[in-house]
Every structure is written in structure tokens, then in C-alpha cells.
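The values are calculated or read from the model by the stated rules, or taken from the named source; none is laboratory data. This is a predicted model, so every value here is computed, not measured. Methodologically, a virtual Cβ is constructed for each residue, glycine included, from the backbone with ideal geometry; neighbour enumeration extends over all protein chains shown.
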Amino acid sequence: MAADTIDTGEMRRFRALSWFEAGARQRISALLDQDSFVEFIGPEQRETSPHLAPFNLPAAFDDGIVVGKGRLDGHQVFIAAQEGRFMGGAFGEVHGAKLVGLLRAACDAKAAVRAVLILFDTGGVRLQEANAGELAIGEVIRAIAAARAEGIAVVGLVGGRAGCFGGGGIVAGTCSRLAISEQGRIGVTGPEVIETNKGVEEFDSRDRALVWRTVGGKHRRLIGGADVFTDGSVEGFRQAAIQLIVSGPRFDLKLMQAEQARLASRLARFGDCADGREVWKKLGIQDTARVPEMPPSDFIALANSVKEANHDAR
């Protein structure tokens with residue numbers, strides 16, 4: 001740690017807290033170097049969604065996302081944290097615009113910015129702002145691509161209550177790198193939505209073990225959908241972020257072709273698997289029943305030995 005980023009004992013205790021239990025501002029405060037965060041478009045500016053009042057829904061003065069800049073281990077970073085406790089961290093017009101603006105600002109200041117961090121905690125797009133929310137997702141993806149093309153690493157951290165679903169799951173897939181905890185979940189369609197549309201025979205959303213074997217952090221890490229697995233503490237995510245902001249891959253046609261080939265190969269290899277345990281078996285893991293119970297240190301060692309978990313395409 002750089003000499004000017006030495007933290008107090010109180011901060012170290014704060015970082016031992018659960019990422020899953022923390023709110024957006026708590027995550028930012030503990031993730032970044034002490035007292036380094038500067039918020040953009042704070043609650044005092046009252047940039048609220050114009051679309052919620054007609055549905056008699058309460059607004060939030062930050063519209064469920066906190067954006068700004070700060071230092072991480074001495075490096076200048078831009079950062080966005082979704083608040084999963086407000087409308088499930090869902091994307092709306094203002095929410096999305098704040099994230100797009102942050103990414104564009106990072107491009108403008110690229111010489112001074114090491115990375116953009118996105119702390120995902122979202123169920124997807126707000127139904128009350130469906131069109132505006134879907135448009136926001138497209139704009140965010142384009143802004144991430146532009147930032148990466150400028151050489152700025154965009155690092156996603158997934159471990160919140162709402163997970164990272166819907167358009168958020170797609171956005172996460174466009175990041176340079178991803179860190180995830182066991183509690184983190186990534187998917188385009190949430191378990192409840194699958195069950196509602198296809199029936200419980202297709203997917204039982206009440207089977208929590210099945211949910212975690214399908215979209216949970218351990219499974220995502222093993223199949224290469226995340227680059228780092230962390231223990232779920234704020235400090236664990238901080239160390240993962242420090243590692244990932246200095247290892248962003250190139251962003252060019254060759255990368256995209258390699259990623260497409262990897263995904264096609266993954267589908268061909270695992271497409272007939274009905275359960276995560278069958279996937280793990282094909283990965284060469286013999287004792288698949290033990291994976292969900294593994295402590296973080298043992299699981300990290302296992303993941304580091306699995307080829308799919310350590311691909312180079314991203």
C-alpha cells in the first residue's frame with residue numbers, strides 16, 4: 001500500500017464487514033482509500049426519476065446509484081455503486097444516465113484514470129421505465145466499449161443482495177474483468193422469471209441450492225464468467241479490485257473473436273448439462289458435492305486449477 005493511503009484501525013474493521021450486507025455508500029467508503037471519495041451528482045442535487053410518481057412510487061435523491069471518483073491503493077479511479085435496496089438497484093433513465101456520464105467523464109480524463117469500477121447490485125431494468133431503462137442499458141454498453149477502446153479498464157464487482165440480472169447481467173459481460181463472491185449471482189433472466197414463464201419443472205426458484213449452482217458466484221468463476229473469486233468481505237473485494245485494475249486485457253477485434261470462440265466451445269461442451277454439478281464433472285472436478293461447501297480459500301485453489309476459469313479471452 002502506498003505511504004499516503006495508510007488506513008486507520010477503524011477502517012480496517014470496516015473493511016472486514018460483509019459486502020452483501022453493506023449499502024452502496026458503505027461499499028464505496030470502505031473499498032477506496034480513506035477519505036478519497038468525491039461524489040458526482042450527489043443527493044443534494046435531487047436528480048430523481050420523473051417516471052415513478054405516476055405509479056405512486058417513492059423516489060430516491062440519487063436514483064439508486066452513487067457515482068464519483070477516488071483512489072484505490074493510490075490509483076485514481078472512477079466508481080459507480082448501485083443501491084440494491086432501492087427498487088432492486090434497477091436501471092431507469094436517470095440511473096443509467098449517471099453511469100453513462102461517469103464512463104464518458106473517465107474517457108475525457110483518461111490520462112489520469114487507472115480504471116472505472118462498477119459495483120453491481122441490480123435486478124435489471126425497472127418495469128415502470130422499461131423503454132428508458134432498456135435504452136440506458138444500450139448506452140451503458142456503448143460507453144463501456146468506448147472506455148475500453150481508450151485503454152481504460154472497466155472492472156465489475158458482484159456480490160450484492162439483488163445480484164446482477166437482466167440488462168445488468170449483460171452490462172457485466174462487457175466489463176474488462178469481474179470479481180465475484182459466493183453470494184454474487186449473474187444472469188440475464190432471474191430464477192423467478194424463468195419459473196413464471198416456463199414453469200417449476202423447468203426451474204424451481206425456491207431451490208436455493210439449484211439457483212446458486214446455476215447463477216451463483218462459484219459456478220460463474222468455474223466456467224470463466226468471472227476472473228476472481230473473493231470471500232465476500234469488503235476487504236476481499238478491495239484486494240480483488242486492486243488486482244484487476246492493473247490487468248485489463250486489450251480491447252480489439254482479436255479479443256472479440258477469441259471470446260466468441262470460447263463461448264461457442266463452452267456451449268458445445270456443456271449445452272446438454274441439466275445441472276451445474278454436471279458441468280463441474282466435465283471440468284474434471286470429481287467431488288462435485290463438496291464444491292458448495294468449500295471455504296473460500298479451498299475453492300479459490302480449485303478454481304485456479306480449472307482451465308475454463310482461467311481463460312485469456314477477456
Near pairs, Cβ below 7 angstrom, 6+ apart or cross-chain, from the range 170-186 (within 21 Å of SER205 (Cα to Cα)) to any residue that is of a type in the set (S, T, N, Q) and at pLDDT 95 or above:
SER181/THR230
Those residues of the range 36-59 which are acidic (Asp, Glu) and at pLDDT 95 or above amount to GLU39
Among GLY68, GLY88, the single one that is modelled with pLDDT of 95 or more and either small (Gly, Ala, Ser) or surrounded by fewer than 17 Cβ atoms within 10 Å (Cβ to Cβ) (or both) is GLY68
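For the range 34-61, what are the residues that are of a type outside the set (Phe, Trp, Tyr), touching a Gly at 6+ places or on another chain (Cβ under 7 Å) and without any contact (Cβ under 8 Å) to a residue 60 or more places away in the chain?
At the first step, the residues of the range 34-61 found to be of a type outside the set (Phe, Trp, Tyr) are 34-36, 38-39, 41-54, 56-60.
Narrowing further to those that are touching a Gly at 6+ places or on another chain (Cβ under 7 Å): 36, 38-39, 49, 51.
Hits for the range 34-61 are SER36, VAL38, GLU39.
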Need pairs with beta-carbon distance below 9 Å; first residue free of Cβ contacts under 8 Å to residues at least 60 places away in the same chain and within the range 100-115, second among the aliphatic types (A, V, I, L, M) and in a loop (DSSP other than H, G, I, E, B); sequence gap 6+ or separate chains.
LEU103/ILE152; ALA106/VAL113; ALA106/ILE152; CYS107/VAL113; CYS107/ILE152; LYS110/ILE152; VAL113/ILE152
Subset of the range 287-314, residues among the aliphatic types (A, V, I, L, M), at pLDDT 95 or above and surrounded by 12 or more Cβ atoms within 10 Å (Cβ to Cβ), comes to VAL291, MET294, ILE300, LEU302, ALA303
Tally time: how many residues in the range 93-146 are farther than 16 Å from CYS175 by Cβ, among the basic types (Lys, Arg) and surrounded by fewer than 16 Cβ atoms within 10 Å (Cβ to Cβ)?
2
Which condition breaks for ALA274 when tested against (1) under 29 Å from LEU119 (Cβ atoms); (2) modelled with pLDDT under 90?
(1)
For the range 128-228, give me every one of the helices (runs of 4 or more DSSP H) that falls completely inside it and has 2 or more residues that are hydrophobic (A, V, I, L, M, F, W, C), at pLDDT 95 or above and within 26 Å of GLY92 (Cβ to Cβ).
130-149, 167-173
Starting from the range 278-295, keep only residues that are over 18 Å from ARG208 (Cα atoms), then list their pairs with residues that are among the charged types (D, E, K, R) and part of a loop (DSSP other than H, G, I, E, B) whose Cβ atoms are within a distance under 8 Å, requiring at least 6 positions of separation or different chains.
LEU283/LYS307
For the range 250-267, pairs from a residue that is without any contact (Cβ under 8 Å) to a residue 60 or more places away in the chain and farther than 18 Å from ILE144 by Cα to a residue that is in a helix (DSSP H, G or I) and of a type in the set (D, E, K, R), with Cβ under 9 Å and 6 or more apart or across chains, are ARG262/GLU308; ARG266/GLU308
Please go through the range 70-85 and give me each residue that is under 10 Å from ALA24 (Cα atoms) and free of Cβ contacts under 8 Å to residues at least 60 places away in the same chain, ordered by number.
ALA80, ALA81
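Does the range 197-218 hold any residues that are closer than 30 Å to LEU32 by Cα and more than 15 Å from the chain's Cα centre (by Cα), and which are they?
Of the residues in the range 197-218, the ones closer than 30 Å to LEU32 by Cα are 212, 215-218.
Answer for the range 197-218, where residues must be closer than 30 Å to LEU32 by Cα and more than 15 Å from the chain's Cα centre (by Cα): just TRP212.
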